[in-house]
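As structure tokens, the structure follows; a few thoughts come after it.
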Amino acid sequence: MTGNHSIAAGTPPRIPPGQRHVHGWPVSHYGPVPRFRPERWNLRVHGSTATGAEHIWTFDELTGLPHRTVVADLHCATGPTSTDHEWYGIPATAILDLVPPAPEVTHVMAWAEYGYAANLRLADLSAPETLLARHHNGEPLTAEHGFPLRLVVPHLYGYKSPKWLRAIEYLTEDRRGFWEERGYHNIGDPWKEQRYSHQERQGDGPEPSASPPGVEDGP
């Protein structure tokens with residue numbers, strides 16, 4: 001297992017700046033909870049793959065992929081941090097190994113139900129703790145928390161960890177996702193308090209949208 005645990009004296013703080021610790025696991029998402037239809041569900045990897053071909057797994061085929069456990073915290077850009085989540089699922093590195101991106105790929109778009117999307121740097125997807133989670137604390141994810149599959153990127157704010165994941169698109173240039181188009185920071189590092197697009201520096205991402213930040217923190 002990996003992740004954050006008890007903090008000894010003299011070590012960095014557990015909670016990122018501007019965050020407050022909350023107990024439990026608050027539900028936060030935009031739009032309705034989708035209905036799971038196993039006969040129609042699949043996970044798709046497409047875009048600039050090394051071979052030019054896309055790859056699709058059915059729900060049942062996911063069980064044959066490598067799995068691991070990650071223990072990590074979850075930081076919402078609106079302020080709450082919940083700690084010690086035990087996630088079990090498919091390492092994102094396994095997906096990258098099975099369907100390699102083309103050499104020129106620099107970013108990915110994580111697509112979820114209803115067209116929700118979150119953009120990531122390729123380095124964020126390939127981070128050791130990034131997981132396509134299927135279980136939480138030993139139980140299958142609930143529908144409200146992303147069943148059947150949720151992308152978990154613990155080192156970034158929660159809007160970069162979309163629930164109800166359906167596809168990963170390899171990109172050769174960055175483009176903004178749902179909340180990034182609506183005024184949230186293109187990178188979303190909680191330790192740097194990268195909450196909103198007006199904080200972005202040159203090179204942090206494409207030109208920001210003029211839309212103001214929303215009040216939800218996304219999935």
Q: Could you identify the single residue in L98, L132, L156, L149 that is hydrophobic (A, V, I, L, M, F, W, C) and more than 23 Å from W25 (Cα to Cα)?
A: L98
Q: Among the residues of the stretch 1-48, write down those that are touching a Ser or Thr at 6+ places or on another chain (Cβ under 6 Å) and at pLDDT 75 or above.
A: I15, Q19, H21, V22, N42, S48
Q. Restricting attention to the stretch 50-77, and to residues there that are of a type in the set (A, V, I, L, M, F, W, C) and over 16 Å from the mean Cα position of the chain (by Cα), which single residue is surrounded by the most Cβ atoms within 10 Å (Cβ to Cβ)?
A. W57
Q | Positions within the stretch 89-98 being buried (at least 19 other Cβ atoms within 10 Å of the Cβ) and either over 16 Å from the mean Cα position of the chain (by Cα) or more than 12 Å from E129 (Cβ to Cβ) (or both), in sequence order | A | I90, I95, L96
Q: Looking only at the stretch 185-210, count how many residues are polar (S, T, N, Q) and in a loop (DSSP other than H, G, I, E, B).
A: 4
(Q) When the residues of the stretch 106-147 are narrowed to those that are surrounded by fewer than 23 Cβ atoms within 10 Å (Cβ to Cβ) and of a type in the set (G, A, S), which ends up farthest from H46 (Cα to Cα)? (A) G138
Q. Here are some conditions: (1) in a strand (DSSP E or B); (2) over 25 Å from Q19 (Cα atoms). A94 meets all but one. Which one does it not meet?
A. (1)
**Q.** Residue ID - nearest to L125 (Cα to Cα), chosen from residues in the stretch 167-184 that are free of Cβ contacts under 8 Å to residues at least 60 places away in the same chain and in a loop (DSSP other than H, G, I, E, B)
**A.** R176
Q) Can you tell me which of E129, E144, E113, E86 is farther than 27 Å from P16 by Cα and of a type outside the set (A, V, I, L, M)? A) E113
Q. Just for the stretch 102-133: of the residues that are under 19 Å from I56 (Cβ atoms) and out of contact with any helix residue (DSSP H, G or I) (no Cβ under 7 Å at 6 or more places or on another chain), which one is modelled with the lowest pLDDT?
A. G115
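The values are calculated or read from the model by the stated rules, or taken from the named source; none is laboratory data. Because the structure is a prediction, the values reported are computed rather than measured. Cβ coordinates were reconstructed from backbone atoms using ideal geometry, including for glycine residues, and neighbour counts include every protein chain displayed.
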